[in-house]
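Engineer: So that we are looking at the same thing, I have put the structure below in structure tokens.
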Amino acid sequence: MEQIIRIAVQKSGRLSEDSLSLIKECGIKFYNGTGKLKSTSTNFPIEFLFLRDDDIPGYVSDGVADLGIVGENEVTEKNKEVLTLKKLGFSKCRLSLAIPKGEEYSGIEYFQGKNIATSYPKILGDFLNLKKIDAAIHEISGSVEIAPSIGLAEGICDIVSSGSTLMMNGLKEVEEIFKSEAVLIANNHLAEWKKVIVDKLLFRMNAVQKGRSSKYVLLNAPNESLEKIISLIPGMRSPTILPLAQPGWSSVHSVLSEDQFWENIEELRAAGAEGILVVPIEKMVI
Ligand code: ATP
Ligand code: MG
């Protein structure tokens, strides 16, 4: 049998698009037709399973899938034995406690003896234990925000990204209890030949991530300020310096993180840099 690994990704939801674009940027081609639950890549030894995100940690710990892309919130909540290989930087959100807008919030003791509705009973339970708060957790699987207005609970614990859903339901966020982003998880007992394929995939993902956070910068500078400019944009090994047709001037090329670029832009200009171009990098192998 051909040796391929399996990766579980969310079928449709807030993780799907970014998960699939990351895989595509790794140069892995596959067909993702509507409603398909399985697909095999045509140019990399990997098969995709399209699942509900809740099921991904379980499938990976059982070994039905070797890898999975899922939110840390689901990984922690499901509490399955899996390895987290890599944070992926998308689907960032937080789990927070919220109460009706009009209530006065005094601190975490507010929740003592109260009822809290959530889809994350484990994460919430651990948090309340840590804070020594005794509250009743009501597990519901969706539309958690309406629980206070229908009298099910005095507070809720749910995913927040902008806070607008809370506001629409007359709630306010009072405690952040967990931060989450998408992660790549793996089965704990992968066969050696599978690890070799996983490493190839990780190598590509790292190159894509590095590329996303780095920029190729080109600028013109008078020769007398080259030393200063090189110290501001040191690059991977060192910048490339090319003479311009105009005597006394050079073109400087370098690679740096976007943050580093913005931090140093004033000093670059003060040192005489001009005609500064910032170009995206597709992939970066260092
Ligand atoms: P499924 O049908 O697969 O069970 P779902 O409704 O449980 O989907 P989604 O709403 O698609 O889940 O969210 C998937 C994951 O994306 C969440 O578990 C969380 O990690 C992250 N997430 C949720 N809400 C947001 C948000 N507003 N912004 C960014 N990331 C989010
Ligand atoms: Mg889900």
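Engineer: Please determine whether any residue of segment 248-256 is within 23 Å of the chain's Cα centre (by Cα), closer than 30 Å to Gly68 by Cα and not assigned by TED's automatic domain parsing to the domain that holds Lys101.
Structural biologist: Within segment 248-256, none of the residues are within 23 Å of the chain's Cα centre (by Cα), closer than 30 Å to Gly68 by Cα and not assigned by TED's automatic domain parsing to the domain that holds Lys101.
Engineer: Mind counting the residues in segment 132-165 that are surrounded by 15 or more Cβ atoms within 10 Å (Cβ to Cβ), of a type outside the set (Asp, Glu) and outside any loop (DSSP other than H, G, I, E, B)?
Structural biologist: Residues flagged as surrounded by 15 or more Cβ atoms within 10 Å (Cβ to Cβ), of a type outside the set (Asp, Glu) and outside any loop (DSSP other than H, G, I, E, B) within segment 132-165 amount to 10.
Engineer: Right, something else. Across segment 182-198, which residue is nearest to ligand 1 (Cβ to nearest atom) among those that are surrounded by fewer than 15 Cβ atoms within 10 Å (Cβ to Cβ) and within 15 Å of Lys86 (Cα to Cα)?
Structural biologist: If we take residues in segment 182-198 being surrounded by fewer than 15 Cβ atoms within 10 Å (Cβ to Cβ) and within 15 Å of Lys86 (Cα to Cα), then Asn188 is nearest to ligand 1 (Cβ to nearest atom).
Engineer: Go through segment 255-276 and count every residue that is farther than 30 Å from Ile23 by Cβ and not in a helix (DSSP H, G or I).
Structural biologist: 6
Engineer: Further, regarding this structure: Tell me which residues, restricted to segment 248-259, are touching a helix residue (DSSP H, G or I) at 6+ places or on another chain (Cβ under 9 Å) and of a type outside the set (Val, Ile, Thr).
Structural biologist: Across segment 248-259, the qualifying residues are Gly248, Trp249, Ser250, Ser254, Leu256, Ser257, Glu258, Asp259.
Engineer: Which of the strands (runs of 3 or more DSSP E) contained wholly in segment 166-248 include at least 3 residues that are under 27 Å from Pro280 (Cβ atoms)?
Structural biologist: Result: 182-186, 214-222, 240-243.
Engineer: For segment 149-160, name all the residues that are at pLDDT 95 or above and away from ligand 1 (no atom under 12 Å from the Cβ).
Structural biologist: Passing the criteria: Ala153, Glu154, Gly155, Ile156, Cys157.
Engineer: Answer with yes or no whether Leu15 is farther than 18 Å from Leu201 by Cβ, aliphatic (A, V, I, L, M), within 10 Å of ligand 1 (Cβ to nearest atom) and touching a residue at least 12 places away in the same chain (Cβ under 8 Å).
Structural biologist: No; evaluated as a whole, the condition is false for this residue.
Engineer: Of the residues that sit in segment 45-64 and are over 23 Å from the mean Cα position of the chain (by Cα) and of a type outside the set (D, E, K, R), which one is nearest to Ile5 (Cα to Cα)?
Structural biologist: Pro45
The values are calculated or read from the model by the stated rules, or taken from the named source; none is laboratory data. Worth saying up front: this structure is predicted, and the values here are computed from it rather than measured. Heads up, the Cβs are rebuilt from the backbone with ideal geometry, glycines too, and the neighbour counts pull from every protein chain shown.
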